[in-house]
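Have a look at the structure below, then the notes.
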Amino acid sequence: VSPGCRGAQGRFAYKLLHDLFANYSSALRPVEDTDRALNVTLQVTLSQIIDMDERNQVLTSYLWVRQVWLDAHLTWDKDDYGGIDSIRIPSSYVWRPDIILYNNADEHFGGSMETNVVLRSDGHIMWDSPAITKSSCKVDVSYFPFDGQRCRLTFGSWTYNGNQIDLRNRRDSGDLTDFVENVEWEVLGMPATRNVITYGCCSEPYPDITYTLLLRRRASFYIFNLLLPCIMVSFLAPLGFYLPADSGEKVSLGVTVLLALTVFQLLVAESMPPSESVPLIGKYYIATMTMITASTALTIFIMNIHHCGPGARPVPPWARRLILHHMARLCCVYEVGESCKSPPRALGGQGNRGDAGGPWESPGEGEVGSEAGVCPRDHCLCHHDDLLRNVGYIAGCFRRHRANQRRTGEWKKVAKVMDRFFMWIFFLMVFLMSVLVLGNAA
């Protein structure tokens, strides 16, 4: 196009703008018949999800909103103006439908940007305006971090009813061709529906277009930072039963694991809304903390059994039969709690015989009796009554000491068998809870 033609186009555009808006008012609805509704077509393009605030239930998104309508007062014959078919003018020059986001949650209530509109010769106006919107969204965190959300964006006229503006959606879904992928949320779709609602304040119908944004959370971040550490820490709790009771660290391990899970629980609670629906990972934390509390309480109980002193009662027959025989064989516990002070095998016969005798019998009494015919009683110093009484007292103390050792060793056997039994029980519980969490997430 030659420079002269461009100059002519500019003069025609200036003349067209002057002629169109000489007697035009942007305050009135641009229809020839005021009894007829003005058709407004709406199309929303989702460009980016900026933020999803689960705690405050607010979705911040970047949208491109396109509105198209017919202005009966802004038409011209393009042949009279050098073939100009369309012009771009500021949107404040023309009448604009007051289409707003009904579920807006922005405290400043920022609307669309003041961009230009495209005005065609047949009177059709196309207004594309970008907008950063904050909309309220009912967040359901029951399956966090494997949850999906349905956030609605409802657009409609604030003052014009359905008899004045007939709002239509251009497509059956929002436009996602220019969507910038979000690191936390995956967009599954954005279907659009047209609703006609009669509110309690007014008798006229009010149409609106509702876009339902279908979101699914990308759970990889939460799996590696919240779920896997919790599972690994949970498997430490049953190992507290495997620690020797004399180490003094069994209760400390359970309390440390409980504090670690409490920290993870607080991290999840800070980002979740204070609602009655507990998230799935929160239920897992509560169940694991309950299990660890029970394991710590059982550890204290078993340590009390392990440290039974010499004055403890003997192991009941039912406990000896159930725990030391059946449960020990089931948990593969053999030769548990044998004392290093057990007498040698060569002295076993004498020890057994001494245990079966009375409190004043001793191994030396048999020898005295065997030598009675060789050593006369009146001439042997070992037959004095005082010495025999002292020897019998020493033998009784030794016999009682061995009985206390056997009783203490049996209680230690009972404690170790119970430790092994509860260790496998709690390992199974942790495994089942982890499988249930992953199964519910699937």
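How fast does region 1-95 diffuse by Stokes-Einstein, in µm²/s, taking the Kirkwood radius from C-alpha pairs at 4 °C and 1.567 mPa s? Intermediate values should be presented prior to the final figure.
On the way: Rh = 17.0 Å.
In µm²/s, the coefficient rounds to 76.
How big is region 69-177 by Rg and Dmax over its Cα atoms, in Å?
18.5, 65
I need the peptides 412-424, 293-305 ranked by packing, meaning the mean over residues of other C-beta atoms within 10 angstrom, with the highest value on top.
On the way: 412-424: 20.6, 293-305: 16.7.
So the peptides 412-424, 293-305, ranked by packing, come out 412-424, 293-305.
Put a dot 7 Å past each Cα toward the Cβ at Asp35 and Ser86; how far apart are the dots in nm?
Distance between label points: 3.5 nm.
Under a crude label model (7 Å from the Cα following the beta-carbon direction), how far is Trp424 from His384 in nanometres?
Each label point lies 7 Å from its Cα, and together they span 6.1 nm.
What is the Rg over Rh value, at two decimals, for region 217-318, using alpha-carbon atoms and the Kirkwood definition of Rh? Walk me through the numbers on the way to the answer.
On the way: Rg = 17.9 Å, Rh = 15.7 Å.
Using only Cα positions, Rg/Rh for region 217-318 is 1.14.
Take the solvent-accessible surface of the protein heavy atoms, probe 1.4 Å, and return the percent of it on region 10-217 that carbon and sulfur atoms account for. Don't skip to the end; give the middle numbers.
On the way: 5120 of 10830 Å².
Within region 10-217, the accessible surface is 47 percent carbon and sulfur.
Counting only the heavy atoms of the protein chains, how much of His18 is accessible to a 1.4 Å probe, in Å² to the nearest 10?
Accessible surface of His18 is approximately 120 Å².
Using only the Cα atoms, what convex hull volume per residue in Å³ does region 30-86 have? Provide the component values of the computation, followed by the final result.
Numbers: hull volume 7.5 nm³, N = 57.
Hull volume normalised by residue count: 132 Å³.
Compute the separation of the alpha-carbon centres of region 230-252 and region 157-198 and state it in Å as a whole number.
Measuring centre to centre over Cα atoms gives 56 Å.
Quick check: the distance between the Cα centres of region 90-154 and region 40-68, to the nearest angstrom?
One Cα centre to the other: 6 Å.
If you place +1 on the Cβ of every Lys and Arg, -1 on the Cβ of every Asp and Glu, and leave all else neutral, what size is the dipole of region 10-217 about its Cα centre, to the nearest 20 Debye?
Numbers: 20 positive and 29 negative charges, 20 e Å.
Around 100 debye, computed over region 10-217.
Considering just Cα atoms, how many Å³ per residue does the convex hull of region 10-217 enclose?
On the way: hull volume 29.2 nm³, N = 208.
Residue-normalised Cα hull volume stands at 141 Å³.
Assuming R0 = 22 Å, can you tell me the calculated FRET efficiency for the pair Leu214 and Leu436, based on Cβ-Cβ distance, to the nearest 0.05?
0.25
The values are calculated or read from the model by the stated rules, or taken from the named source; none is laboratory data. Just so you know, these numbers come straight off a predicted model, no measurement behind them. Because the Cβ atoms are built from the backbone with ideal geometry, glycine has one as well, and the counts that use them run over all protein chains shown. To get the accessible areas, we keep the full protein, side chains included, count just its heavy atoms, and leave off ligands, DNA and RNA. Shrake-Rupley method; radii C 1.70, N 1.55, O 1.52, S 1.80 Å.
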